[in-house]
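Contents: one structure, followed by commentary.
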Ligand code: SF4
């Protein structure tokens with residue numbers, strides 16, 4: 001199947017509609033020549049409303065970590081963004097709920113083989129690390145991130161850049177000192193020689209998707 005066809009199917013997905021408080025609105029970005037793949041958690045409300053991945057303060061911080069401008073970040077032919085859950089899952093007592101469990105098992109095995117030119121996969125947060133590292137994870141996210149080099153050249157685990165993790169970042173200065181330079185170096189290698197082209201895949205305009 002062509003990537004474009006698959007993305008149309010994903011955008012029409014209603015598998016877990018009954019569990020989504022704002023209704024389905026799959027938000028992802030992918031081009032068949034993408035070199036960098038970002039696997040995050042699930043959209044927040046602002047991302048759901050705009051239909052643009054990482055279009056929030058977490059995304060601002062992630063782009064700062066990557067030292068990447070929005071133009072590059074949203075070029076689907078360079079950067080693919082495929083979270084563990086494509087739709088906003090709702091809110092629980094401790095913040096946004098986890099990605100819907102139906103989503104990644106349904107769609108990731110179909111989309112990943114079509115991203116043949118990916119050189120580096122950023123695993124942002126515990127759900128992405130559980131999904132892609134499984135038993136290779138260390139005892140907790142902190143130790144998995146601290147040992148990020150062990151998962152190269154394919155994977156690089158990161159904490160979630162949410163403002164809720166501000167304390168974690170303060171407690172672990174080694175992340176900015178050692179992991180961010182590594183991240184920027186590996187991203188530069190992954191994107192080296194990547195042709196710059198207009199994004200062929202963009203989320204459906206938010207105005208087409210009324211909130212419930
Ligand atoms: S979260 Fe995933 S499985 Fe559920 S409706 Fe959205 S795209 Fe479909």
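Values quoted throughout were computed directly from the atomic coordinates according to the rules given, and no laboratory measurement underlies them. Model, not experiment: these values are computed from the prediction. Virtual Cβ from ideal backbone geometry, glycine too; neighbours counted across all protein chains shown.
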**Prompt:** Is region 111-118 home to any residue that is more than 16 Å from the ligand (Cβ to nearest atom), in contact with a strand residue (DSSP E or B) (Cβ under 6 Å, 6 or more places away or on another chain) and within 17 Å of residue 189 (Cα to Cα)?
**Reply:** yes
**Complete:** Quick count over region 13-24, residues being in a loop (DSSP other than H, G, I, E, B) and either near the ligand (Cβ under 6 Å from one of its atoms) or under 15 Å from residue 105 (Cα atoms) (or both), is 5
**Request:** Answer with yes or no whether residue 156 is crowded, with 17+ Cβ neighbours inside 10 Å, in contact (Cβ under 8 Å) with a residue 40 or more places away in the chain, under 24 Å from residue 32 (Cα atoms) and touching a helix residue (DSSP H, G or I) at 6+ places or on another chain (Cβ under 7 Å).
**Result:** no
**Message:** Any residue that is under 19 Å from residue 5 (Cβ atoms), without any contact (Cβ under 8 Å) to a residue 24 or more places away in the chain and surrounded by fewer than 22 Cβ atoms within 10 Å (Cβ to Cβ) - is there at least one of those in region 93-100?
**Reply:** no
**Condition broken by residue 10, with the remaining ones in (1) under 15 Å from residue 112 (Cβ atoms); (2) more than 16 Å from the ligand (Cβ to nearest atom); (3) part of a helix (DSSP H, G or I) satisfied** = (2)
**Request:** Collect the residues in region 101-111 that are touching a residue at least 60 places away in the same chain (Cβ under 8 Å) and surrounded by 15 or more Cβ atoms within 10 Å (Cβ to Cβ), keeping them in residue-number order.
**Result:** 103, 106, 107, 111
**Request:** Filter region 94-109 down to residues that are within 16 Å of residue 162 (Cβ to Cβ) and either away from the ligand (no atom under 13 Å from the Cβ) or out of contact with any helix residue (DSSP H, G or I) (no Cβ under 7 Å at 6 or more places or on another chain) (or both), then give me how many there are.
**Result:** 4
